[in-house]
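**Student:** Before I ask anything, let me first share the structure, which is written out below as structure tokens.
The values are calculated or read from the model by the stated rules, or taken from the named source; none is laboratory data. The structure displayed is predicted, hence computed values, not measured ones. Using ideal geometry, Cβ is built from the backbone for each residue, glycine included, and neighbour counts are taken over all protein chains shown. These accessible areas exclude ligands, DNA and RNA; they are computed on the full protein's heavy atoms, side chains included. Shrake-Rupley method; radii C 1.70, N 1.55, O 1.52, S 1.80 Å.
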Amino acid sequence: MGRVSLDTLLQRSEKNMGSGMNAIVKKSALEVIRRAYKEGINAQISHGMRTYAQQDALYAQGRTKPGSKVTNARGGYSNHNFGLAVDYFLTSEDGTKAIWSVNSDWNRVAAIAKSLGFSWGGDWTSFKDYPHLEMSGGLSTAQLRAGKKPSLTDRTGTKTAVPSKTSSKPAASSSGGSSYIKEAQKYANSRDYPTKAKFTKLTVDGYKGPKTMNALLRIYQYYGKVTIDGIFGPKSKAAGSIQSRKKHTPGWTRLIQSLLNVHGYKLAVDGIFGTGTEAALKSFQKSKEIASDGAAGSNTYEKFFK
Ligand SMILES: [Zn+2]
């Protein structure tokens, strides 16, 4: 039996979190699952948002209802009631069985979560809640009940929302276009690039068309400090060689990731030149029969744009 796919774990987790989650908490929770998976740990979110009524029912367990106590919080007294908490567990290799033993893998998932800004229920002193992760932004449940909203920091390192449904097949979302090309289009529309690189804001539809390619070329010309005309001529090509010596800064990396995505690769456009980006770049270079060195230079950009 093979290993459960990351997509399956992410999709189940997203479903289990339910609607009403704080966007940063949700995104960070999915990032925990993703990072754990990369380390060979299969983790999944079991719960996220809970209404006051659901929380009251849970509180009754082990008190007025059978079972053992699972929470000390009544409705309105848990960060789950505000979409700020999730619970996790581990799964078997094939993803069919839940594993609730607090072992080294379990603790590792907690550590990953803490690095992303979560507090872990396993660190609580009065009542240890090992599956529990939360981000309250320093607000008490009293403040949350009064309607205050926490200001949370996104530490996932991805600027844009993570595609909710990733696919190991060529990426096609329910609306038809590729979610990864959408990321490239969102990138092009970000940071005031339409103004700086003189193009009309793109429709984020996930389809690689002339407008998308033209926008990315113009951003390339903007970064390369050559005339922004949307035409890849000799000066534009030469701008690529300047870049290859500068190494891959976050700015250039986001462009490279976007360009790889419109050429069929599936990368988070996060500005981090990691092993996934390097492997994709090498693969692209190899497919175009140019030096496969994992550094984007003139020849690589020529292949990207021509
Ligand atoms: Zn919890």
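**Student:** Among residues belonging to region 294-306 that are under 17 Å from residue 237 (Cβ atoms) and part of a loop (DSSP other than H, G, I, E, B), point out the one that is most open to solvent (accessible area, probe 1.4 Å).
**Tutor:** Here is the first cut: in region 294-306, the ones under 17 Å from residue 237 (Cβ atoms) are 295-306.
Narrowing the set further to residues that are part of a loop (DSSP other than H, G, I, E, B) leaves 295-297, 306.
Details: 295: 34, 296: 0, 297: 11, 306: 153 Å².
Only one residue fits best here, namely 306.
**Student:** Follow-up. Do we have residue 157 as in a loop (DSSP other than H, G, I, E, B), in contact (Cβ under 8 Å) with a residue 60 or more places away in the chain, closer than 30 Å to residue 183 by Cβ and out of contact with any strand residue (DSSP E or B) (no Cβ under 9 Å at 6 or more places or on another chain) here?
**Tutor:** yes
**Student:** Please work out which residue is nearest to residue 140 (Cα to Cα), limiting yourself to region 90-119 and to residues that are within 14 Å of the ligand (Cβ to nearest atom) and open to solvent by 20 Å² or more (accessible area, probe 1.4 Å).
**Tutor:** 119
**Student:** Among the candidates 251, 271, 264, 240, single out the residue that is in contact (Cβ under 8 Å) with a residue 12 or more places away in the chain and in contact with a Lys or Arg (Cβ under 8 Å, 6 or more places away or on another chain).
**Tutor:** Selected residue: 271, the only one of 251, 271, 264, 240 that is in contact (Cβ under 8 Å) with a residue 12 or more places away in the chain and in contact with a Lys or Arg (Cβ under 8 Å, 6 or more places away or on another chain).
**Student:** Right, something else. Considering each of 281, 217 in turn, give the residue that is in a helix (DSSP H, G or I), without any contact (Cβ under 8 Å) to a residue 40 or more places away in the chain and not acidic (Asp, Glu). Please lay out each step first, then the result.
**Tutor:** On the way: 217 fails: without any contact (Cβ under 8 Å) to a residue 40 or more places away in the chain.
Result: 281 is the single residue among 281, 217 that is in a helix (DSSP H, G or I), without any contact (Cβ under 8 Å) to a residue 40 or more places away in the chain and not acidic (Asp, Glu).
**Student:** Give the residue that is nearest to residue 81 (Cα to Cα), with candidates limited to residues of region 120-153 that are within 16 Å of the ligand (Cβ to nearest atom) and among the charged types (D, E, K, R).
**Tutor:** 134
**Student:** Go through the residues of region 71-83 one by one and say whether even a single one is at pLDDT 95 or above, in a strand (DSSP E or B), out of contact with any Leu (no Cβ under 9 Å at 6 or more places or on another chain) and surrounded by 18 or more Cβ atoms within 10 Å (Cβ to Cβ).
**Tutor:** no
**Student:** Something else about it: Go through region 224-240 and give me each residue that's within 13 Å of residue 304 (Cβ to Cβ) and open to solvent by 30 Å² or more (accessible area, probe 1.4 Å).
**Tutor:** Correct list: 237 only.
**Student:** Go through (1) among the hydrophobic types (A, V, I, L, M, F, W, C); (2) within 15 Å of the ligand (Cβ to nearest atom); (3) surrounded by fewer than 17 Cβ atoms within 10 Å (Cβ to Cβ); (4) at pLDDT 95 or above and name the single condition residue 43 misses.
**Tutor:** With (1) among the hydrophobic types (A, V, I, L, M, F, W, C); (2) within 15 Å of the ligand (Cβ to nearest atom); (3) surrounded by fewer than 17 Cβ atoms within 10 Å (Cβ to Cβ); (4) at pLDDT 95 or above applied to residue 43, the lone miss is (3).
**Student:** Let me ask something additional. Among what's in region 58-69 and is under 16 Å from residue 121 (Cβ atoms) and surrounded by fewer than 15 Cβ atoms within 10 Å (Cβ to Cβ), pick the residue that is farthest from the ligand (Cβ to nearest atom).
**Tutor:** Among those that are under 16 Å from residue 121 (Cβ atoms) and surrounded by fewer than 15 Cβ atoms within 10 Å (Cβ to Cβ), it is 68.
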